[in-house]
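Below is one structure, written out as structure tokens; comments come after it.
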Amino acid sequence: MSENRAMDIDLQEIVKEYPMGGETLVTLKGISLQVYRGEFMAIIGPSGSGKSTLMNIIGCLDSPTRGKYIIEGQDTSRMRDSKLAEIRNHKIGFIFQSFHLLSQFSALENVELPLVYRGMSAKMRRERAIKALTQMGIADKRSHLPKQLSGGQQQRVAIARALASEPSILLADEPTGALDSKTGHEVLAIFEELHAKGHTIVLITHDPAVADRAQSVVRITDGELTIVRRGSVAI
């Protein structure tokens, strides 16, 4: 892949260790991986493979023991927690298996919430949230509470919440894991549409059928990566 392509994620020799009594558990073993702007990458691996640890580092929720993580040219290695929180809020849109919607808030309020933390005006928050819900085809459900929505509708709200922040990167953790097969296919079709519009997407999964929908596929096993397929990325 050409070096002149813009790079959103650059992991360099990432090691993650956890002390376990008198021993050390190594969950990531010198991982190097680049994700280019506009790429749709799936990271696939079984439980215990290290994929959740890798996701947390990509999402700036955790820091490596050794190695460098550079996001859009910024080295996160020596960043303070406040700066890492800023990156999470501005550059990364998170989408989770269990949706993480607040039960007492409407769909619209859930989508607006990350924008509140930015200090965005109420008018702009509302406009961004309605635009994202419209993009997900669920604007007519804006006043509904999560319990009034189906699983697929809740995931659409969760994706809208990620999009409302206008992030550089969408990071999805098992986004179809809590859905039936038909709804899961619909959600994956949304990711394919977002990819076609130029979004950078990193999707974490254990399911080969889900990973197969991505442009590039990387397998993680016992904390080590193998590239399964690498698609082309438009400049």
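Go through Leu113, Gly73, Leu188 and say which Cα lies farthest out towards the positive end of the charge dipole of the chain; charges sit on Cβ, +1 for Lys and Arg, -1 for Asp and Glu.
Final value for the positive-end residue is Leu113.
One quarter of the convex hull surface, Cα atoms only: what value does that give for region 40-135 in nm²?
Average projection, Cα convex hull of region 40-135: 8.3 nm².
Using a 1.4 angstrom probe and counting only protein chains, how large is the accessible area of Lys29 in Å², to 10?
Rounded to the nearest 10, that gives 100 Å².
So if each residue of separation counts as 0.36 nm, and I subtract the Cα-Cα distance between Leu61 and Lys147, what length gain in nm does that give?
Details: separation 86, 0.36 × 86 = 30.96 nm, distance 2.81 nm.
Here the answer is 28.1 nm.
Find out how many positive minus negative residues lie around Pro114, taking Lys and Arg as positive, Asp and Glu as negative, among other residues whose Cβ is under 13 Å from that of Pro114.
Counting the neighbours of Pro114, the net charge comes to +2.
May I ask you to give the solvent-accessible area per residue for region 1-126, in square angstrom, as obtained with a 1.4 angstrom probe?
Counting only protein heavy atoms, the per-residue value for region 1-126 is 51 Å².
By accessible area of protein heavy atoms, probe 1.4 Å, what ranking do Asp180, Asp75, Asp8 get, highest first?
Sorted by accessible area, descending: Asp180, Asp75, Asp8.
Helix 151-164 versus the longest principal axis of the chain: what angle, 0 to 90°, nearest 10, using Cα atoms?
Its long axis makes an angle of about 80 degrees.
Could you grab the relative contact order for the chain? Cα pairs under 8 Å, six or more apart, rounded to a whole percent.
Computed value for the chain: 29 percent relative contact order.
Average the reciprocal distances over every distinct pair of alpha-carbons in region 13-59, invert the result, and give the Kirkwood radius in Å.
By the Kirkwood definition, the hydrodynamic radius is 12.1 Å.
Is there a quick way to get the dipole size of region 147-187? I mean about its Cα centre, with the Cβ of Lys and Arg at +1 and of Asp and Glu at -1; what is the value in debye to the nearest 20?
Taking the Cα centre of region 147-187 as origin, the dipole is about 180 debye.
What is the spread of the Cα atoms of region 68-202 along each of their three principal axes, largest first, in whole Å?
43, 34, 25
Ordering Ser77, Ser106 by how much accessible area each has at a 1.4 Å probe, largest first, what is the list?
Most to least solvent-accessible, the answer reads Ser77, Ser106.
Suppose every K and R has +1 on its Cβ and every D and E has -1 on its Cβ; what is the size of the dipole of the chain about the Cα centre, in Debye to the nearest 20?
Computed about the Cα centre, the dipole is about 680 debye.
From the P(r) of region 96-142, could you give the percentage of C-alpha pairs in the tail past 15 Å?
Tail fraction, whole percent: 44.
Compare Glu109, Glu174, Glu17, Glu39 by solvent-accessible area with a 1.4 Å probe and give them largest first, with all protein chains kept in place.
Sorted by accessible area, descending: Glu109, Glu17, Glu174, Glu39.
Roughly how many debye, to the nearest 20, is the charge dipole of region 171-211 about its Cα centre, given +1 on each Lys and Arg Cβ, -1 on each Asp and Glu Cβ, and no other charges?
Values: 2 positive and 7 negative charges, 24 e Å.
Once rounded to the nearest 20, the dipole reads 120 debye.
Give the Kirkwood hydrodynamic radius (Å, one decimal) of the chain, defined as one over the mean of 1/r across all pairs of different Cα atoms.
The answer is 18.3 Å.
If I model a spin label as a point 7 Å beyond the Cα along the Cα-Cβ vector, how far apart are those points for Ala196 and Ile70 in nm?
Label-label distance for Ala196 and Ile70, simple model: 3.4 nm.
Probe radius 1.4 Å, ligands and nucleic acids ignored: give me the carbon and sulfur share of the accessible area of the chain as a rounded percent. Spell out each step's value before the answer.
Values: 5540 of 11350 Å².
Carbon and sulfur together cover 49 percent of it.
Give me P(r) over region 37-94, computed from all C-alpha to C-alpha distances, binned every 5 Å, as integer percentages.
4, 16, 28, 25, 17, 9, 1
Between Ser121 and Arg5, what's the calculated FRET efficiency when r is the beta-carbon distance and R0 is 35 Å? Round to 0.05.
Computed FRET efficiency for Ser121 and Arg5 comes out at 0.45.
Debye calculation, C-alpha points only, no solvent: report log10 I(q)/I(0) for region 140-204 at q = 0.17, 0.19, 0.27 Å⁻¹, in the same order as the q values.
Normalising to I(0) and taking log10 leaves -0.61, -0.75, -1.31.
Tell me the relative contact order for region 1-105 as a rounded percent, counting alpha carbon contacts under 8 Å between residues six or more apart. Show your work: numbers first, answer last.
Details: 132 pairs, mean separation 28.8, N = 105.
Relative contact order for region 1-105 comes out at 27 percent.
The values are calculated or read from the model by the stated rules, or taken from the named source; none is laboratory data. Quick caveat, the model's predicted, so the values are computed rather than measured. Methodologically, a virtual Cβ is constructed for each residue, glycine included, from the backbone with ideal geometry; neighbour enumeration extends over all protein chains shown. Heavy atoms of the whole protein, side chains included, go into the accessibility calculation; ligands, DNA and RNA do not. Shrake-Rupley method; radii C 1.70, N 1.55, O 1.52, S 1.80 Å.
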